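The values are calculated or read from the model by the stated rules, or taken from the named source; none is laboratory data. Bear in mind that the values here come from a model prediction, so they are computed numbers and not experimental data. Here the Cβ positions follow ideal geometry from the backbone for every residue, glycine too, while neighbour counts run over all protein chains shown. Protein only, heavy atoms only, side chains kept; ligands, DNA and RNA dropped before computing areas. Shrake-Rupley method; radii C 1.70, N 1.55, O 1.52, S 1.80 Å.
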Amino acid sequence: MIKVHPQANHFGLDTSEHIPPPMPDLFETQPLLGEIWGRARSLLAVRDNDMHTLYSLSLASALLDEHPQADPGVVLPAIMLHDIGWSEVEPGQVLAAIAPGGGRTDLVLQHEKAGARLATEILESLRVDPLITKQVAAIVDGHDSRSEAIGPEDEIVKDADKLWLLTPHGLDTVMDWFGLHRGQALRLCASRVLDKLFTPQATTMAHGLLAFEQANLWPRSRELHQ
Ligand SMILES: [Fe+2]
Ligand SMILES: [Fe+2]
């Protein structure tokens with residue numbers, strides 16, 4: 001559970017008038033995202049794919065700030081819709097598809113193909129420009145199986161998707177998927193992320209996330225929580 005409200009005010013005084021104003025809300029600056037989320041959410045309610053999608057969306061938005069040549073109108077719908085195809089894979093088989101030690105490639109391809117078709121249906125229903133819809137479908141179809149990127153938008157989608165694995169939520173999720181300790185999950189995720197990223201900014205972010213988790217695993221950190 002994420003801490004949103006304070007549990008105490010040790011200082012005792014109200015400092016809120018010195019706090020900077022809120023940062024722009026992605027869903028307010030890009031209203032289409034809310035419409036897409038409304039149609040995608042139920043298709044993402046498998047194995048924490050819904051929260052994975054929101055974290056990856058936010059990471060993609062951060063990467064877009066560094067890549068003005070990439071079109072947010074393609075990247076943001078593509079990252080939002082990239083995993084909706086898991087909704088058509090037998091729920092009991094989703095983890096077999098991505099398990100360590102050689103997953104089921106056929107199921108990975110199935111979720112990519114289904115995702116591209118469902119993404120097209122959703123974007124057509126929202127009357128999105130057919131050219132954008134075509135680019136989004138091309139990115140979704142192959143987002144896991146294709147090792148090269150088909151353009152700058154695809155690079156950002158691929159990087160944001162993978163970076164999630166190294167976030168606290170990504171590690172919590174992978175630990176429970178495969179019954180791994182946090183250190184094992186970190187090593188597995190690092191092997192699936194580092195050296196597979198396209199943008200230098202994502203590589204820097206990955207090293208930052210990794211550094212944070214390595215500190216969590218130090219015995220000296222764990223002693224503080226006993
Ligand atoms: Fe995927
Ligand atoms: Fe994903």
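Across the range 36-218, how many lysine pairs separated by 8 or more positions, or lying on different chains, have Cα atoms within less than 18 Å?
5
Using 0.36 nm per residue, how much length does the chain from L95 to D172 gain when fully extended, once their Cα-Cα distance is taken away?
My answer for the length gained is 26.2 nm.
Estimate the FRET efficiency between M51 and K196 by the formula 1/(1 + (r/R0)^6), using the beta-carbon distance for r and 22 Å for R0, to the nearest 0.05.
Efficiency, rounded to the nearest 0.05: 0.50.
Among S87, V174, L43, whose Cα sits farthest toward the positive end of the charge dipole of the chain (+1 at Cβ of Lys/Arg, -1 at Cβ of Asp/Glu, about the Cα centre)?
Of S87, V174, L43, it is V174.
If each residue of separation counts as 0.36 nm, what is the full-extension length gain between H10 and M23 once their alpha-carbon separation is subtracted?
Additional length available on full extension: 2.1 nm.
Run the simple label-point estimate for E124 and T204 please: 7 Å along Cα→C-beta, distance reported in nm.
Each label point lies 7 Å from its Cα, and together they span 4.2 nm.
Decide, for the range 127-224, between rounded, prolate and oblate: order the square roots of the alpha carbon gyration tensor eigenvalues as a ≥ b ≥ c, take rounded if a/c falls under 1.5, and otherwise choose prolate if a/b is larger than b/c, else oblate.
Here the range 127-224 falls in the prolate category.
Net charge around T199, counting only other residues with Cβ within less than 10 Å of its Cβ (Lys, Arg = +1; Asp, Glu = -1)?
-2
In whole Å, what is the distance between the alpha-carbon centres of the range 56-98 and the range 149-170?
Using only Cα atoms, the two centres lie 8 Å from each other.
With runs of 4+ DSSP H residues as the only contributors, calculate the mean residue ellipticity of the chain at 222 nm using -39,500 (n - 2.57) per run, divided by the residue total and rounded to the nearest 500.
Taking each H run of at least 4 residues, the total per residue is -18500 deg cm²/dmol.
Please calculate how many Å² of accessible area the range 36-218 carries per residue, with a 1.4 Å probe and no DNA, RNA or ligand atoms counted.
Value for the range 36-218: 45 Å² per residue.
Once the Cβ-Cβ distance between F212 and R117 is put in as r, and R0 is 30 Å, what FRET efficiency do you end up with, to the nearest 0.05?
0.20
Please report the carbon-and-sulfur percent of the accessible area for the range 36-218; probe 1.4 Å, protein heavy atoms only, DNA, RNA and ligands left out.
54
For the chain, what's the radius of gyration and Dmax over Cα atoms, in angstrom?
So, for the chain, Rg and Dmax equal 18.8, 59 Å respectively.
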